[in-house]
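Enquirer: Just dropping this structure here.
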Amino acid sequence: MFGAMQDVPLLVNRILDHALVNHPEREIVSRLVEGNIHRETYADAHLRSRKLSQALQALGFGQGDVLATLAWNTHRHFEAWYGITGIGGVYHTLNPRLFAEQLSYIINHAGDKVIFTDLTFVPILEGIEKEIPNVKGFIIMTDAAHMPETTLSNVHCYEDLIDGQSGDFNWVEVDERAPCGMCYTSGTTGNPKGVCYTHRSNVLHTLVGNSSDVIGLRSVDSLLPVVPLFHANAWGLAFGAPAVGAKIVNPGPNMDGESIYQLLTEEKVTFTAAVPTVWLMLMQHLENNKLDLPDLETVVIGGSAVPRVMLEKFERDYGVSVKHAWGMTEMSPLGTIASFKAGMENMTFDEQMDIKVKQGRPPYLMEMKITDDDGNELPRDGKAFGHLMVRGPFVVGEYIKGDGGQILDEDGFFDTGDVATIDPLGFMQITDRSKDVIKSGGEWISSIEIENIAVGHEKVQEAAVIGIAHPKWDERPLLVVIKNEGAEVSKEEILGYLEGKIAKWWMPDDVVFVDEIPHTATGKIQKLTLRQQFEDYKLPTAEAVAE
Ligand code: AMP
């Protein structure tokens, strides 16, 4: 026997329909690549997305076609997602920070038929056009006046394409399990692997993300998604905002402290989201210019662990509530968020920061466990480290084209590649990527924890900890530091600062000062490159053993 409720499919375009009916006048503000600030409403975006769908059909594209975007966050990029899914197509975000060879590999692997691009990235595409023969054309997201001279073939102007259409169009109805979007992992080792979201997974992720213990966006919010649309499905914000009718403020290409501050204040932003590096730039700008954040209420920080000093500054100095989130491309991406449980609101400030510095707890629809190397579940005691495994309706089932083979355990859990603890209250804390853990004398040292304490030192700008081979202990930690501009600080001073804050046997065996620490295309510290850089490094403690 079946129940008798309406079987309405969960399709992302219905989110924009909802915004059209219920929030037609709410604004989407964008700083454009061309330099100006553009304003439109959800009603405008709905019409323009429909026109784009019509134009894409007129060009011969349809259901199941993968159409890529290489672009900053602007209203056009937002419309492109809905215009593409509106014909039953699949949006595929490309990360412009990847190397050219990685980009062409991904474009070919995904079978992209068209690439939407900002003016900024035309030269990148010109450079790889010969390597991507299956791409049938390029849509430059600008108006006729700004169209560039280009060697690309089959080039269309976005605004001209739209202008040529009536907007009299109904979204193509697809199955809710049909492909909707694609995003590739950044692939620090080997080739990038692709994740293909469905309409259903995106809609369920939106509902979970918008619940108040998770991202919790509201209609009254003015949202600045600094996180790019090309990073991990934009953390779900391109669907979350229209689902509640929040105002969207797109930063375009400018993510420096001054530009972000300008938008935060001028557009009275209440809610924003980005990786820690962006907030580091904003904080420097605020401190150098003695500025405040009077409108901002909430900041979501994820992608890398939030350093405690950043968390405390936001909360205490600027009165902004931090939502520390963990997730990954493979999870659409939200996995956990450090929001309080009953009683925590009455804790002291320091106790609350102890909670928020953790990556947090999973919402309903996300299941999580930690296991040992043999797949046995480990206790949730806040001490045992293990492989972090996840299961849920917006977690990847397999990579595109089956890359990597079977990626779930026999209970359907996906190995995130992260190593974590889970405490008795259910709060998860990442200690490392499994490839980055430092194994010293058979025990694991958390590089992330040491890094986050080290950046609390007032003269440290950035810190990375890697394992260096050691004749007695297998590996020992080396702390790599970038000093703050103009600051003088010694190895002894840094080690003295760490003393008492971490276990004695976690103390780095050495500290080296560098001008630069390598980062991945999504702003994470590139430990692999750093380890290669320090391959021949001899720790002073290793020499002592050898003597
Ligand atoms: P991506 O798919 O590029 O977003 O990368 C996902 C990976 O980023 C995760 O598997 C983690 O290793 C890392 N990550 C994301 N959020 C956090 C966080 N809040 N703390 C620590 N690591 C994080």
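The values are calculated or read from the model by the stated rules, or taken from the named source; none is laboratory data. What you are looking at is a predicted structure, and each value in this text was computed from that prediction instead of being measured. Cβ placement follows ideal geometry from the backbone for every residue including glycine, while neighbour counts extend to all protein chains displayed. Side chains are part of the model used for accessible areas, which takes the heavy atoms of the whole protein and leaves out ligands, DNA and RNA. Shrake-Rupley method; radii C 1.70, N 1.55, O 1.52, S 1.80 Å.
Enquirer: Using 0.36 nm per residue of separation minus the Cα-Cα distance, give me the extension gain between E345 and V21 in nm, one decimal.
Expert: 112.9 nm
Enquirer: On a C-alpha basis, how far is the centre of the range 197-232 from the centre of the range 4-75 in Å? Whole number, if you could?
Expert: Result: 15 Å between the Cα centres.
Enquirer: Residue-wise, which Karplus ³J(HN,Hα) couplings in Hz belong to the range 31-36, taking 6.51 cos²θ - 1.76 cosθ + 1.60, θ = phi - 60°, and x for glycine or proline?
Expert: With coefficients 6.51, -1.76 and 1.60, one gets 8, 8, 4, 6, x, 8 Hz.
Enquirer: Let me ask something additional. What is the distance in Å between the Cα centroid of the range 486-503 and that of the range 155-184?
Expert: 55 Å
Enquirer: If you don't mind, there's one more thing I want to ask. Give the angle, between 0 and 90 degrees and rounded to the nearest 10, that separates the Cα long axis of helix 75-86 from the longest principal axis of the Cα atoms of the chain.
Expert: That works out to roughly 70 degrees.
Enquirer: Let me ask something else. Please work out the ratio of the alpha-carbon Rg of the range 313-385 to 2.2 N^0.38 Å and round it to two decimals.
Expert: Relative to the 2.2 N^0.38 Å estimate, the range 313-385 comes out at 1.30.
Enquirer: Defining a contact as two alpha carbons under 8 Å apart and six or more residues distant in sequence, what relative contact order in percent does the range 5-126 show?
Expert: 25 percent
Enquirer: By how many nm would the segment from A469 to R177 lengthen if fully extended, with 0.36 nm per residue of separation less the alpha-carbon distance?
Expert: Using 0.36 nm per residue and subtracting the Cα-Cα distance, I get 100.3 nm.
Enquirer: Same structure again: Quick check for you: with a 1.4 Å probe and neighbouring chains kept, what is the accessible area per residue of the range 1-108, in Å²?
Expert: Using a 1.4 Å probe on heavy atoms only, each residue of the range 1-108 averages 39 Å².
Enquirer: In addition: If I take all pairs of Cα atoms in the range 65-129, what percentage of them are more than 19 Å from each other?
Expert: 26 percent
Enquirer: Turning to a different aspect of this structure: Pop the C-beta distance of I37 and E543 into the FRET formula with R0 = 35 Å and round what comes out to the nearest 0.05.
Expert: 0.05
Enquirer: What residues have an amide H closer than 5 Å to that of R433, excluding those fewer than 5 places away on the same chain, when H is modeled at 1.01 Å from N in the peptide plane?
Expert: V419
Enquirer: Report, in whole Å, the centroid distance computed from the Cα atoms of the range 385-416 and the range 119-138.
Expert: Their Cα centres are 33 Å away from one another.
Enquirer: Quick one: go through the range 154-185 and flag any residue whose amide nitrogen is under 17 Å from the point 7 Å out along the Cα-to-Cβ line of K401.
Expert: In the range 154-185, the label zone of K401 (backbone N under 17 Å from the point 7 Å along Cα→Cβ) covers 182-185.
Enquirer: A follow-up question, please. Give me the percent relative contact order of the range 438-546, please, defined on Cα pairs under 8 angstrom at least 6 residues apart.
Expert: 26 percent
Enquirer: In addition: Ordered by packing density, taken as the mean number of other Cβ atoms within 10 Å over each peptide's residues, highest first, how do 5-16, 415-426 rank?
Expert: 415-426, 5-16
Enquirer: I've got another one for you. What list of ³J(HN,Hα) couplings, whole Hz, do you get for the range 219-235 from phi and the Karplus terms 6.51, -1.76, 1.60, once you set θ to phi - 60° and write x for glycine and proline?
Expert: Each residue of the range 219-235 in turn: 4, 6, 6, 10, 9, 10, x, 6, 4, x, 4, 8, 9, 6, 6, 6, 6 Hz.
Enquirer: Let me ask something else about it. Which of the GluC sites (Glu not before Pro) found in the range 94-178 are loop residues per DSSP with 13 or fewer other Cβ atoms within 10 Å of their Cβ?
Expert: Those satisfying the criteria are E149, E173.
Enquirer: Given C-alpha coordinates of the range 366-433, what is the ratio Rg to Rh with the Kirkwood estimate of Rh?
Expert: For the range 366-433, the value is 0.99.
Enquirer: How far is helix 199-209 tilted off the main Cα axis of the chain, in degrees rounded to 10, range 0 to 90?
Expert: The two axes meet at around 50 degrees.
Enquirer: Over the range 404-547, what percent of the accessible surface lies on carbon and sulfur atoms, probe 1.4 Å?
Expert: 48 percent
Enquirer: Taking a probe of 1.4 Å, how large is the accessible area per residue of the range 438-546, in Å²?
Expert: About 50 Å² of surface per residue is accessible.
Enquirer: At 0.36 nm per residue, minus the direct Cα-Cα distance, what do D292 and D381 gain on full extension? Give it in nm, one decimal, please.
Expert: Taking 0.36 nm per residue and subtracting the Cα distance, the gain is 28.1 nm.
Enquirer: Can you pull the semi-axes for the chain, root of five times each eigenvalue of the Cα gyration tensor, sorted largest first, whole Å?
Expert: 39, 25, 25
Enquirer: Let me ask something else. Within the range 402-499, list the GluC sites (Glu not before Pro) lying in a DSSP loop whose Cβ has at most 11 other Cβ atoms in a 10 Å radius.
Expert: E410, E458, E485, E488
Enquirer: Taking just the C-alpha trace of the range 225-308, give me its Rg and Dmax in Å.
Expert: 12.5, 37
Enquirer: Further question on the same structure: Within the range 123-193, which trypsin sites (Lys or Arg not before Pro) sit in a loop by DSSP and count at most 12 neighbouring Cβ atoms inside 10 Å?
Expert: R177
Enquirer: Another question, then. Looking at the calculated P(r) for the range 73-189, what percent of the C-alpha pair distances fall above 21 Å?
Expert: Result for the distance tail: 41 percent.
Enquirer: Name the residues whose placed amide hydrogens come within less than 5 Å of the amide hydrogen of M182, ignoring near sequence neighbours (fewer than 5 apart) on the same chain.
Expert: Here the answer is Y91, H92, T93, Y197, since their amide H atoms fall under 5 Å of that of M182.
Enquirer: Helix 257-266 versus the longest principal axis of the chain: what is the Cα-based angle in degrees, 0 to 90, to the nearest 10?
Expert: 50 degrees
Enquirer: Using the C-alpha atoms of the range 438-546, what convex hull volume per residue, in cubic angstrom, is computed?
Expert: 104 Å³
Enquirer: Go through the range 152-163 residue by residue and turn each phi into a ³J(HN,Hα) via Karplus (6.51, -1.76, 1.60, θ = phi - 60°); whole Hz please, and just put x for glycine and proline.
Expert: Taking θ as phi minus 60°, the curve returns 5, 9, 6, 9, 10, 9, 3, 5, 5, 4, 5, 4 Hz for the range 152-163.
Enquirer: Moving to a separate point now. Run lengths n ≥ 4 of DSSP H only: what is the helix-derived mean residue ellipticity at 222 nm for the chain, with -39500 (n - 2.57) per run over all residues, to the nearest 500?
Expert: Using -39500 (n - 2.57) per qualifying helix, the result is -8000 deg cm²/dmol.
Enquirer: Averaged per residue, what accessible area in Å² does the range 366-433 show with a 1.4 Å probe, protein chains only?
Expert: That works out to 45 Å² for each residue.
Enquirer: Residues with amide H under 5 Å of K483's amide H, sequence separation 5 or more or different chain, H placed in the peptide plane at 1.01 Å from N; which?
Expert: For K483, the qualifying residues are Q461, V514.
Enquirer: Additional query: Taking Cα pairs under 8 Å and at least six residues apart, what relative contact order does the chain come out at, in percent?
Expert: Relative contact order of the chain: 10 percent.
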